[in-house]
Amino acid sequence: MNQVQLITYDGQSIPVDEALLLFSALLKQRMQEAQEKGEDIQVPEASAEVCQKVTEYCKHHRETTPTPARVISSIKGGSTFEFAKWDEEFMASLDQEVLLELIVVAQTWGIQPLLDLGCKTVATMLKGKNPQQIREMFEIENDFTPEEEAAIKKEHEWTD
(Lines give C-alpha, C1' and ligand atoms only; values in the text may rest on other atoms or scores of the structure.)
Protein backbone atom coordinates (compact mmCIF):
# COMPACT_ATOMS: atom_id res chain seq x y z
CA MET A 1 0.00 0.00 0.00
CA ASN A 2 1.35 3.44 -0.90
CA GLN A 3 2.24 5.78 1.93
CA VAL A 4 1.96 9.56 1.87
CA GLN A 5 3.19 12.10 4.38
CA LEU A 6 0.87 14.48 6.20
CA ILE A 7 2.61 17.60 7.51
CA THR A 8 0.84 18.89 10.61
CA TYR A 9 0.67 22.43 12.01
CA ASP A 10 3.31 21.52 14.57
CA GLY A 11 5.71 20.54 11.78
CA GLN A 12 5.52 16.78 12.22
CA SER A 13 5.50 14.39 9.28
CA ILE A 14 2.96 11.58 9.74
CA PRO A 15 3.12 8.59 7.36
CA VAL A 16 -0.36 7.45 6.31
CA ASP A 17 -1.63 4.76 3.98
CA GLU A 18 -2.97 6.50 0.88
CA ALA A 19 -6.18 4.47 1.12
CA LEU A 20 -7.02 6.07 4.49
CA LEU A 21 -7.25 9.49 2.86
CA LEU A 22 -10.29 8.27 0.94
CA PHE A 23 -12.29 8.73 4.16
CA SER A 24 -12.03 12.46 3.45
CA ALA A 25 -12.85 14.21 0.18
CA LEU A 26 -10.74 17.19 1.31
CA LEU A 27 -7.67 15.05 2.02
CA LYS A 28 -8.14 13.18 -1.25
CA GLN A 29 -8.16 16.52 -3.10
CA ARG A 30 -5.10 17.74 -1.16
CA MET A 31 -3.33 14.47 -1.95
CA GLN A 32 -3.96 14.87 -5.67
CA GLU A 33 -2.74 18.46 -5.62
CA ALA A 34 0.35 17.56 -3.57
CA GLN A 35 1.21 14.63 -5.86
CA GLU A 36 1.00 16.90 -8.93
CA LYS A 37 3.54 19.21 -7.26
CA GLY A 38 5.65 16.38 -5.83
CA GLU A 39 5.06 17.62 -2.28
CA ASP A 40 3.82 16.21 1.00
CA ILE A 41 0.24 16.94 2.08
CA GLN A 42 -0.16 19.95 4.35
CA VAL A 43 -2.76 19.63 7.12
CA PRO A 44 -2.51 23.00 8.90
CA GLU A 45 -5.62 22.35 10.98
CA ALA A 46 -4.24 19.25 12.75
CA SER A 47 -1.55 18.55 15.32
CA ALA A 48 0.53 15.39 15.01
CA GLU A 49 -1.31 13.81 17.95
CA VAL A 50 -4.75 14.43 16.45
CA CYS A 51 -3.60 13.37 12.99
CA GLN A 52 -2.40 10.07 14.47
CA LYS A 53 -5.71 9.61 16.30
CA VAL A 54 -7.74 10.25 13.14
CA THR A 55 -5.50 7.77 11.32
CA GLU A 56 -6.05 5.20 14.08
CA TYR A 57 -9.84 5.68 13.81
CA CYS A 58 -9.79 5.36 10.02
CA LYS A 59 -7.57 2.25 10.15
CA HIS A 60 -9.94 0.58 12.58
CA HIS A 61 -13.00 1.43 10.49
CA ARG A 62 -11.36 0.79 7.10
CA GLU A 63 -13.07 -2.55 6.66
CA THR A 64 -16.10 -2.08 8.88
CA THR A 65 -18.69 0.61 8.78
CA PRO A 66 -18.59 2.62 12.00
CA THR A 67 -21.52 1.72 14.25
CA PRO A 68 -23.48 4.84 15.13
CA ALA A 69 -23.95 5.52 18.82
CA ARG A 70 -27.26 4.07 19.88
CA VAL A 71 -29.68 6.28 21.80
CA ILE A 72 -30.60 4.24 24.87
CA SER A 73 -32.82 6.85 26.49
CA SER A 74 -34.20 10.16 25.40
CA ILE A 75 -36.03 12.16 28.01
CA LYS A 76 -36.37 15.80 28.99
CA GLY A 77 -32.85 15.71 30.45
CA GLY A 78 -31.38 14.79 27.05
CA SER A 79 -30.33 11.66 25.25
CA THR A 80 -28.03 8.98 26.59
CA PHE A 81 -25.81 7.22 24.07
CA GLU A 82 -24.31 3.77 23.93
CA PHE A 83 -21.14 3.47 21.83
CA ALA A 84 -19.49 0.49 20.20
CA LYS A 85 -16.85 -0.88 22.60
CA TRP A 86 -13.85 0.08 20.43
CA ASP A 87 -15.23 3.60 19.80
CA GLU A 88 -15.93 4.12 23.51
CA GLU A 89 -12.40 3.03 24.46
CA PHE A 90 -10.93 5.18 21.68
CA MET A 91 -12.75 8.29 22.91
CA ALA A 92 -11.88 7.52 26.55
CA SER A 93 -8.19 7.52 25.60
CA LEU A 94 -8.36 11.17 24.54
CA ASP A 95 -7.84 14.09 26.86
CA GLN A 96 -10.32 16.95 26.54
CA GLU A 97 -8.04 19.18 24.45
CA VAL A 98 -7.35 16.40 21.94
CA LEU A 99 -11.05 15.46 21.82
CA LEU A 100 -12.07 19.02 20.96
CA GLU A 101 -9.36 19.36 18.30
CA LEU A 102 -10.35 15.98 16.88
CA ILE A 103 -13.94 17.20 16.48
CA VAL A 104 -12.75 20.29 14.58
CA VAL A 105 -10.49 18.19 12.33
CA ALA A 106 -13.22 15.60 11.68
CA GLN A 107 -15.57 18.43 10.67
CA THR A 108 -12.96 20.13 8.48
CA TRP A 109 -11.96 16.89 6.77
CA GLY A 110 -15.57 15.76 6.40
CA ILE A 111 -15.26 12.50 8.34
CA GLN A 112 -18.88 12.43 9.50
CA PRO A 113 -18.87 9.23 11.62
CA LEU A 114 -15.90 10.53 13.64
CA LEU A 115 -17.52 13.96 13.97
CA ASP A 116 -20.74 12.35 15.22
CA LEU A 117 -18.82 10.18 17.68
CA GLY A 118 -16.88 13.17 19.03
CA CYS A 119 -19.96 15.36 19.39
CA LYS A 120 -21.94 12.62 21.13
CA THR A 121 -19.00 12.03 23.46
CA VAL A 122 -18.99 15.71 24.45
CA ALA A 123 -22.80 15.66 24.82
CA THR A 124 -22.45 12.71 27.19
CA MET A 125 -19.81 14.62 29.18
CA LEU A 126 -22.18 17.59 29.51
CA LYS A 127 -25.28 15.62 30.45
CA GLY A 128 -26.53 16.55 33.90
CA LYS A 129 -24.08 19.43 34.34
CA ASN A 130 -25.21 22.91 35.31
CA PRO A 131 -23.79 26.00 33.58
CA GLN A 132 -21.19 26.57 36.30
CA GLN A 133 -19.91 22.99 36.04
CA ILE A 134 -19.67 23.32 32.26
CA ARG A 135 -17.75 26.60 32.62
CA GLU A 136 -15.32 24.89 34.96
CA MET A 137 -14.97 21.86 32.69
CA PHE A 138 -14.06 24.01 29.67
CA GLU A 139 -12.39 26.83 31.60
CA ILE A 140 -14.94 29.38 30.38
CA GLU A 141 -15.11 32.66 32.24
CA ASN A 142 -18.59 33.76 33.26
CA ASP A 143 -18.89 37.27 31.87
CA PHE A 144 -22.55 37.74 32.85
CA THR A 145 -23.45 40.02 35.72
CA PRO A 146 -25.75 38.43 38.33
CA GLU A 147 -28.59 40.55 36.92
CA GLU A 148 -27.97 39.35 33.36
CA GLU A 149 -27.81 35.75 34.51
CA ALA A 150 -31.12 36.12 36.41
CA ALA A 151 -32.76 37.65 33.33
CA ILE A 152 -31.55 34.77 31.14
CA LYS A 153 -32.84 32.18 33.63
CA LYS A 154 -36.22 33.91 33.75
CA GLU A 155 -36.42 34.17 29.96
CA HIS A 156 -35.67 30.44 29.59
CA GLU A 157 -37.63 29.01 32.51
CA TRP A 158 -39.13 26.45 30.16
CA THR A 159 -35.76 24.65 29.99
CA ASP A 160 -35.79 23.65 33.68
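The values are calculated or read from the model by the stated rules, or taken from the named source; none is laboratory data. The model shown is predicted, which means the values in this text are computed figures rather than measured ones. Because the Cβ atoms are built from the backbone with ideal geometry, glycine has one as well, and the counts that use them run over all protein chains shown. SASA here: full protein model, heavy atoms, side chains in, ligands and nucleic acids out. Shrake-Rupley method; radii C 1.70, N 1.55, O 1.52, S 1.80 Å.
Structure notes:
- Looking only at residues in region 18-50 that are over 21 Å from Arg62 (Cβ atoms) and part of a loop (DSSP other than H, G, I, E, B), the one that is least open to solvent (accessible area, probe 1.4 Å) is Ser47.
- A count restricted to region 105-129 and to residues that are farther than 17 Å from Tyr57 by Cα and surrounded by 18 or more Cβ atoms within 10 Å (Cβ to Cβ) stands at 1.
- Comparison of Met137, Met125 shows that the only residue that is part of a helix (DSSP H, G or I), over 30 Å from Leu27 (Cβ atoms), touching a residue at least 12 places away in the same chain (Cβ under 8 Å) and out of contact with any Pro (no Cβ under 8 Å at 6 or more places or on another chain) is Met137.
- Residues that are in contact with a His (Cβ under 9 Å, 6 or more places away or on another chain) and at pLDDT below 95 occur at least once in region 93-113.
- Filtered residue count, region 127-150, keeping only those that are of a type in the set (A, V, I, L, M, F, W, C) and either modelled with pLDDT of 90 or more or touching a Lys or Arg at 6+ places or on another chain (Cβ under 7 Å) (or both): 4
- Subset tally (residues that are exposed (fewer than 14 other Cβ atoms within 10 Å of the Cβ) and outside any strand (DSSP E or B)) for region 1-17: 4
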